[in-house]
Amino acid sequence: MWSDSDRAHMASALDLAARGLFTATPNPRVGCVIARGDAVIAQGFHTRAGEAHAEAEALADARRRGVDVRGATLYVTLEPCNAHGRVAPCVDAVLAAGIARVVAAVGDPNPHKAGGAQRLRREGVQVDVGLLADEARELNPGFFSVFARQRPWVRAKIAGSLDGRTATAAGQSQWITSVEARADGHFFRARACAVLTGIGTVRSDDPALTVRAVDTPRQPRRVVVDRNAQTPPSARVLQGGALMVTAGARNPEWAAGVDVLALPDAQGRIDLPALMRELARRDVLELHVEAGARLTGALLEADLVDELLLYVAPAIMGDPARGMFERRAPLASVADMTRFAWGDVRRVGPDVRLIARRVGES
């Protein structure tokens, strides 16, 4: 069904979409190429919410070049939107431009914006959907997760030793892995909508949870799970504002700019599934977790971790150093283990980065 030119142009559109990796949230990262045969005549990508979508950017690029796009093929990594939001529907612009064929990598999961392919076909435009669909979803796992499951895509980052230890028995963890591994981790912070940690990490490390090792114009929101509202007002994570998730009242010493969300469960702990739903409601598509073994383990037990981002140093810490995950209840048998599948494996400085996904997730 797909020609070599089709594949090459969609691959270029995906490369363009990736330019919005740090900025497009809470919108999806989308790229667009307009071509005649093998020749690219215009291109564009979506930079940030409220600005032109990828199709509109590509059509504007054609106008700047003085190129006539009538009868051309438009390649886009997500089905053109079919409803007014902050900008006009892309379907209107595509029809007005006289595009003859649209190739979309994947359909739009947003029920309020979907239907672009059907409308284009009704207006006589040839529409083909499904080219490099997996790659397009890979660019936007949180976007698809929010509409399919009403929660963000959750990526848990862990740095540890060969024997799976993340801190000494006294809680010291800085630094087990290398400066190269820490810089690489900032790339994943930068692409996330929010970074989540727990009170234990705040107490032991006083992290800022900001992106510093890569260049980005946008900082992710910071979320702290703090059951008893014990985070010191001087904590670095509170500087500039954060969302504090408690099981009760706010800490009266916190500044007015600190947002507080009370989400107790029946046991007086934090209701983690409810937190994920609330974060999705607040336009958090990808959630990056940098927390201790207790919170990370609780997320794992609640089936809320989609992806593990592991940095492993070539070192041994041994017992009683702290592990990667704590469970509230011990496993009854090996059959009850939480299963992951290996994805990307690579060297980062002297360390190894491992990415694993929950079995059944995509």
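The values are calculated or read from the model by the stated rules, or taken from the named source; none is laboratory data. Nothing here was measured: the structure is a model prediction, and the numbers come from that model. For neighbour counting, all protein chains shown are included, and Cβ atoms are generated from backbone atoms with ideal geometry for every residue, glycine included. Areas reflect the complete protein model, heavy atoms only, side chains present, ligands, DNA and RNA absent. Shrake-Rupley method; radii C 1.70, N 1.55, O 1.52, S 1.80 Å.
Only four residue types carry charge here, +1 at the Cβ of Lys and Arg and -1 at the Cβ of Asp and Glu. Report the dipole size of the stretch 277-361 about the Cα centre in Debye, rounded to the nearest 20.
60
In nm, give the distance between the simple-model label positions of Arg281 and Glu138, each being 7 Å from the Cα along the Cα-to-Cβ direction.
Modelled inter-label distance: 3.5 nm.
Please state the shape class of the stretch 165-241: rounded when a/c is under 1.5, otherwise prolate if a/b exceeds b/c and oblate if not, all from the C-alpha gyration tensor.
oblate
Identify which of Pro89, Pro320, Pro207 has the largest mean-square fluctuation in a Gaussian network model of the chain, with springs joining Cα atoms closer than 10 Å.
Pro320
Tell me the per residue accessible area of the chain using a 1.4 Å probe; a whole number in Å² is fine.
I get 45 Å² per residue for this part.
Which is the longest stretch in the chain that no exposed loop site breaks, taking sites as GluC sites (Glu not before Pro) with a DSSP loop state and at most 12 other Cβ atoms within 10 Å?
124-252
Between Thr338, Thr23, Thr73, which gets the highest mean-square fluctuation from a Gaussian network model of the chain, Cα cutoff 10 Å?
Thr338
Jot down the per residue volume, in cubic angstrom and as a whole number, of the convex hull over the alpha-carbon atoms of the stretch 75-189.
164
Let me spell out the model: positive unit charges on the Cβ of Lys and Arg, negative unit charges on the Cβ of Asp and Glu, origin at the Cα centre of the chain. What dipole size does that give, in debye rounded to 20?
That gives the chain a dipole magnitude of about 480 debye.
Considering only protein heavy atoms, what is the solvent-accessible area of Phe187 at a probe of 1.4 Å, reported in Å² to the nearest 10?
70
Projecting each Cα onto the charge dipole of the chain (Lys/Arg +1, Asp/Glu -1 at the beta carbon, about the Cα centre), which of Leu331, Leu139, Ala208 comes out farthest on the positive side?
Projecting each Cα onto the dipole axis, the largest value belongs to Ala208.
Find how much the distance from Arg101 to Ala332 grows on full extension, using 0.36 nm per residue of separation minus their present alpha carbon separation; answer in nm with one decimal.
Full-extension gain reported as 77.5 nm.
So what's the back-of-envelope 222 nm ellipticity for the chain, counting only DSSP H runs of four-plus at -39500 (n - 2.57) apiece and dividing by all residues, rounded to 500?
Result for the chain, helices only: -7500 deg cm²/dmol.
Give me the angle, in degrees from 0 to 90, between the Cα long axis of helix 179-191 and the longest principal axis of the Cα atoms of the chain, rounded to the nearest 10.
Value to nearest ten degrees: 50.
Between Leu59, Leu95, Leu299, find the one with the highest GNM mean-square fluctuation for the chain; connect C-alpha pairs within less than 10 Å.
Judging by the Gaussian network model, the answer is Leu95.
Between Arg222 and residues 5 or more places away or on another chain, which pairs have amide H atoms under 5 Å apart, with H built 1.01 Å from N, and which residues are they?
So Arg222 has HN proximity to Val195, Leu243.
Quick query: amide H of Ala49 versus all other amide H atoms, modeled in the peptide plane; which residues come in under 5 Å with a sequence gap of 5 or more or a different chain?
The answer is Asn27.
Roughly how tilted is helix 4-17, in degrees to the nearest 10 and between 0 and 90, from the longest Cα axis of the chain?
Relative to the chain, helix 4-17 is tipped by roughly 50 degrees.
Compute the acute angle (0 to 90°) between the alpha-carbon long axis of helix 54-65 and the principal axis of greatest extent of the alpha-carbon atoms of the chain; round to the nearest 10°.
Tilt relative to the chain: about 50 degrees.
May I ask which residue of Gly85, His9, His112 lies farthest towards the positive end of the charge dipole of the chain, with charges of +1 (Lys, Arg) and -1 (Asp, Glu) on Cβ and the Cα centre as origin?
Value computed over the given set: Gly85.
With the full set of protein chains in place, find how many percent of the accessible area of the chain is carbon and sulfur; take the probe as 1.4 Å.
The C+S portion of the solvent-accessible surface of the chain is 50 percent.
Based on Cβ point charges of +1 for Lys and Arg and -1 for Asp and Glu, what charge dipole magnitude is obtained for the stretch 153-218 about its Cα centre, in debye rounded to the nearest 20?
220
Quickly work out the Gln267-to-Arg64 label distance, labels modelled 7 Å from Cα along the C-beta direction, and quote it in nm with one decimal.
5.6
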